[in-house]
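Rule-based calculations on the coordinates, nothing more; no lab input. As the structure is a prediction and not an experimental result, all values here were calculated from the model. Here Cβ is always computed from backbone atoms with ideal geometry, including for glycine, and neighbour counts include all displayed protein chains.
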Amino acid sequence: MQLTRPMILLIVGTVLAVGVIRLTFLSISKAGNFAGCPADLSQTGIDPTQTVAMWNGLPLRPATTLAETLSLSQRKVLGSTTEEKWIEIDLSDQKLIAHQGNSIFLESLISSGLFGKTTPGEYRVWYKIRATKMEGGNRSLNTYYYLPNVPYVMFFNKDIGIHGTYWHQNFGKPMSHGCVNSPTPIAEKLFYWTDPQVPEGQWAIRATADNPGTRVVVHE
């Protein structure tokens with residue numbers, strides 16, 4: 001059968017349309033499985049004007065104050081140790097263990113990546129911020145989230161970090177987009193225990209070669 005010009009145009013158009021649909025699907029899939037919590041690192045305080053948060057497409061009330069349970073003296077004590085300290089993230093048991101010298105400083109159930117993988121490896125805390133806004137996921141896959149004032153954030157692998165959690169209490173099961181969700185009181189203690197130390201009155205700090213961050217080991 002001889003192909004006419006309209007038939008050729010129809011075939012080419014169909015092929016192009018299939019290609020576009022495939023690329024769109026791959027892009028959506030990639031966005032929905034992206035690991036990490038893109039954050040506003042320019043934030044310099046709690047934003048009390050934020051009245052609505054979103055988690056997996058559902059609205060909820062965000063934190064409007066920084067949850068603080070530790071006194072200034074307790075914070076200083078936590079950060080003053082000279083013993084070696086490191087954080088273990090056990091993905092199989094969904095548990096965080098903070099080691100100090102030959103003892104355990106604390107341990108807690110956590111929620112690691114469900115919609116994006118928390119990647120095993122050895123890292124160091126590279127940025128700490130008392131609270132920040134996080135936004136990501138994908139609306140079409142019902143994984144979109146908008147979370148103002150996420151407390152006590154300790155980034156260790158690009159935009160994957162340990163932080164407090166006000167939008168769920170389902171610790172012990174994967175729930176996140178790649179970050180390590182922990183109970184907020186646990187995150188608060190870790191924030192003041194880990195290096196680099198955030199000076200009083202300062203909102204955030206970045207680790208340097210002369211002021212390195214605490215080691216974080218993630219394993220299955």
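What is the dipole size for region 33-219, taken about its Cα centre, with +1 at each Lys and Arg Cβ and -1 at each Asp and Glu Cβ, in debye to the nearest 20? If you can, show how the numbers build up before the last one.
Working: 16 positive and 16 negative charges, 64 e Å.
The calculated dipole for region 33-219 is roughly 300 debye.
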A correct Karplus calculation of ³J(HN,Hα) over region 97-113, with 6.51 cos²θ - 1.76 cosθ + 1.60, θ = phi - 60°, whole Hz and x for Gly and Pro, returns 10, 9, 9, 9, x, 9, 10, 9, 6, 6, 9, 7, 5, 9, 10, 8, x
Any residue on another chain or 5+ positions along whose placed amide H is under 5 Å from the amide H of Gly178 is listed here as Gly36, Gly113, Leu114, Phe115, Gly116
So which of Lys85/Lys189; Lys95/Lys158; Lys133/Lys158; Lys76/Lys158; Lys85/Lys128; Lys85/Lys117 end up more than 19 Å apart by C-alpha? Lys95/Lys158; Lys76/Lys158; Lys85/Lys117
Kindly write out, for region 202-210 in residue order, the coupling ³J(HN,Hα) from the Karplus curve 6.51 cos²θ - 1.76 cosθ + 1.60 (θ = phi - 60°), rounded to whole Hz, with x marking Gly and Pro. 9, 8, 8, 8, 10, 5, 10, 4, 7
Counting pairs of Cα atoms in region 33-219, how many percent are more than 21 Å apart? 45 percent
